[in-house]
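One structure is given here, and the rest of the page talks about it.
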Amino acid sequence: MPKKQSTAAQRAREAARQGAKYTQALRTAEGPTADVTRPDDGFGGHEFEYESSTDLFRCSECRVYEVVARDTDGPMKPCTGLVGYGGDTERVYLLLAENPALPYSYSATLATRACSTGIGRTPRFSWRDGKLLVESAPSVVDELIRRIEHLTTPADHGHMPLLASIDRLTAGAGRAVLAENYAAYVAEYGEPR
């Protein structure tokens, strides 16, 4: 006999089938008491997304399915992080400052190149005022820097560097930048939906 799902879980599953992120929909359905700023907010750090081919929910970071991550009726097993992080659950951040001499913003290019390495990602609200915050793990951050530090774009007389600087930040400092970026977003556009 299948387990009965909570109303919040049912609404989250339906929202995910409509294109929303499952974990975010479930957090919203659970109300303001679900603290999304803590690493363990009941989801073990996982970010589940709906996978239509299997009709299951899979973590976008460690690629484990929710049914595997959940110990029967107990808590979630902690997310091991991005597969490329090698199971390193610690986080560090890089603050990439875009070259101010560029004629327009290359934020999408920077974010895509950092994510395509498989050892870095750009969390939500990571871009503001010409600076992009990239999350990585201590064990692979040097390799990430090596892969992105010399990115260039064609210019009138050769190539121009995309980056003016790369600053390493601790996990706490990176989360503080994300909080500032979020506050700036809310002040300008209102609460995200």
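Is region 53-125 rounded, prolate or oblate when judged by the Cα gyration tensor, a ≥ b ≥ c being the square roots of its eigenvalues, rounded requiring a/c under 1.5 and prolate requiring a/b larger than b/c?
Prolate shape, in that a/c is at least 1.5 and a/b is the bigger ratio.
Using a 1.4 angstrom probe and counting only protein chains, how large is the accessible area of V67 in Å², to 10?
110 Å²
Classify region 118-193: rounded, prolate or oblate, from the alpha-carbon gyration tensor (a ≥ b ≥ c, eigenvalue square roots; a/c under 1.5 rounded; otherwise prolate if a/b is larger than b/c)?
Working: a/c = 2.64, a/b = 1.37, b/c = 1.93.
Oblate, because a/c is 1.5 or more while a/b does not exceed b/c.
Just the accessible area for L162, please: 1.4 Å probe, Å², rounded to the nearest 10?
Surface open to solvent at L162 totals about 0 Å².
Largest first, how would Y189, Y106, Y50 line up by accessible area (1.4 Å probe)? Please list the in-between numbers first.
Values: Y189 150, Y106 30, Y50 60 Å².
Output order, biggest surface exposure first: Y189, Y50, Y106.
Per residue, how much accessible area does region 66-131 have with a 1.4 Å probe, in Å²?
Working: 3600 Å² over 66 residues.
Solvent-accessible surface per residue comes out at 55 Å².
Could you calculate the contour length gain from A171 to V186, that is, 0.36 nm times the residue separation minus the distance between their Cα atoms, to one decimal place in nm? Walk me through the intermediate numbers first.
Working: separation 15, 0.36 × 15 = 5.40 nm, distance 2.25 nm.
Roughly 3.1 nm would be gained on extension.
Can you order the peptides 93-99, 179-185 by their average number of other Cβ atoms within 10 Å per residue, highest first? Intermediate results must be reported in sequence, preceding the final value.
Working: 93-99: 20.6, 179-185: 14.0.
Top of the packing list down: 93-99, 179-185.
For R63 and L102, what does the FRET efficiency come to when R0 = 41 Å and r is the distance between their Cβ atoms, rounded to the nearest 0.05?
Working: r = 35 Å, r/R0 = 0.85.
Given R0 = 41 Å and the Cβ-Cβ separation, E is 0.75.
The values are calculated or read from the model by the stated rules, or taken from the named source; none is laboratory data. As the structure is a computational prediction, the values presented were derived from the model and not from experiment. Neighbour counts are summed over all protein chains in view; Cβ atoms, including those assigned to glycine, are modelled from backbone coordinates with ideal geometry. Note: accessible area is taken over every heavy atom of the protein model, side chains too, but ligands, DNA and RNA are not part of it. Shrake-Rupley method; radii C 1.70, N 1.55, O 1.52, S 1.80 Å.
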